[in-house]
Structure formats: C-alpha cells, structure tokens
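The structure appears right after this line, and notes come after that.
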Amino acid sequence: MKLILSDRPLKLSAAEADGVKYFDLSELKIAGCTGCFGCWTKTPGRCVIRDDAVNVYPAIAESSCVLYISRIKYGGYDTVMKTLLERAIPIQTAFIRLLDGETHHYQRAVAPKKAHVIAYGDNICADEKAVFSRLVARNAKNMNFESYRIIFTEESGIESAAEEVLKKWRKY
C-alpha cells in the first residue's frame, strides 16, 4: 500500500488513479496521546482512545511507501502531524532491541518503508532544516524506513513536490 499523510488539504490528480490512500489529518479528530501505554498493556496494538487515529496508524504499518507532508514548526513537525505520529505507537511493542548501538522498540508487523517527507514553510532557515533533518533521521530508525528523502519547499510548492513523489512511486 502507498500512503499520503498531510497536515493540509491537497489536490493531487494522480493519487486516486494510482490507488494511493490519502489522509488529510487537518480534517480528522485526533486526540493527543495520554501516555497511558494501554496500547502496549491493555489492548496490545490498539490505542484505547477511540477517534480517527485508529484508522490511520494501521495504514502506516501496512504501507511500503509513505509521504508525510508537514509544515515545519521550530525545526519539527507541525502540531497535527506530531500528534498523529505520537498516536501511532501501537504499531510498536513495549519491547526494546539494540539497533546500531541504540535502543529502539520492536515493530509490530510494520512493513519496511520508502519514505518521503515534504517539509514546507516560507523562509525556512538553515538551522530549522538541520534540526528537522536530524529529527527525520531519528524517526527513520523508529518507523522502519528502509530509505527516506526530505524535500524542503515553500507552501506554494507542496502539490508539485507531491506529484513528483507519486511519479517516483510508480516505479516501485
């Protein structure tokens, strides 16, 4: 499965034709993670909060190609994307493994991913790009990315950048 997670509405002509699943996170009701760890202890693999996130994180686990589209805010993902990523911890287990000398959670049947991240904003400074690049590199280890690419753009370039990613996905 191929998946697009966006923090804003998009008009992508090729997405539907290519069978890509698309979530406009700005239109969904997703509560913040409460840190209860019920997804690891009470209902393993399922969040105890019953909102729209329960439809999104299983799609993340199944996807072999994922496109994350988020405004950069202080060198990180903007609120709606960060909230969703935090709520996606049910796709991991509570158990820890060593990976490249670091501790990381075992994944719960998560497909390896070719990931693309479109990070947008007007006048993104070099420091914000560096911080965001490091964040995505760290996420890559926890989110089972076999490869990833970050595309920095202004807000006006989001849809054309996304269309380029979709063209690349047709080769997979």
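The values are calculated or read from the model by the stated rules, or taken from the named source; none is laboratory data. Nothing here was measured: the structure is a model prediction, and the numbers come from that model. Neighbour counts run over all protein chains shown; Cβ positions are idealised from the backbone, glycine included.
Some observations on this one:
- When Ala61 is tested against the conditions (1) of a type outside the set (Val, Ile, Thr); (2) in contact with a strand residue (DSSP E or B) (Cβ under 6 Å, 6 or more places away or on another chain); (3) modelled with pLDDT under 95, the lone failure is (2).
- Among the criteria (1) farther than 21 Å from Leu166 by Cβ; (2) buried (at least 17 other Cβ atoms within 10 Å of the Cβ); (3) not small (Gly, Ala, Ser), the one Asp122 does not fulfil is (2).
- Single unsatisfied condition, Thr34 versus (1) of a type in the set (Ser, Thr, Tyr); (2) surrounded by 19 or more Cβ atoms within 10 Å (Cβ to Cβ); (3) over 19 Å from Asn139 (Cβ atoms): (2)
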